[in-house]
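Q: Below you'll find the structure I mean.
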Amino acid sequence: MYKLMIVEDEDIVREGMVRLIDFGALGYEVVAVCENGRVALEKFFETVPDVVLTDICMAEMDGFEFIGRVYSETLLTKFIIITGHDDFSYMKKALRYR
């Protein structure tokens, strides 16, 4: 099973993903659910997830800063960026992290 971390600041979205998606059936174990990038960074090196599903716009530390800090340490984790924003500049910035 792959280890999955979920990083989302909106309670309803974060809890909805955990409740409504059967990650286990998809081959993923949810090892951490975090409300912002700061908390995610703290838990990242404890759990070392294979995949991180992260929002971009969050308080305390946004998704891009979180990804940048993790990328400076490891390139093994894959990131899936989710957002409700339609600003193309977010997409361009996300592409920099591949």
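Q: Calculate what fraction, in whole %, of the accessible area of region 46-85 sits on carbon and sulfur atoms when a 1.4 Å probe is rolled over the protein chains.
A: Numbers: 1130 of 2110 Å².
In region 46-85, the share of accessible area belonging to carbon and sulfur is 53 percent.
Q: Set the Förster radius R0 to 25 Å, insert the Cβ-Cβ distance between residue 45 and residue 13 as r into 1/(1 + (r/R0)^6), and round the FRET efficiency to 0.05.
A: Numbers: r = 25 Å, r/R0 = 0.99.
So, using R0 = 25 Å, E works out to roughly 0.50.
The values are calculated or read from the model by the stated rules, or taken from the named source; none is laboratory data. Remember, predicted model here, so these are calculated numbers, not experimental data. Ideal geometry is used to build each Cβ from the backbone, glycine not excepted, and the neighbour counts take in all protein chains shown. Please note that ligands, DNA and RNA were not included when accessible areas were found on the heavy atoms of the full protein model with its side chains. Shrake-Rupley method; radii C 1.70, N 1.55, O 1.52, S 1.80 Å.
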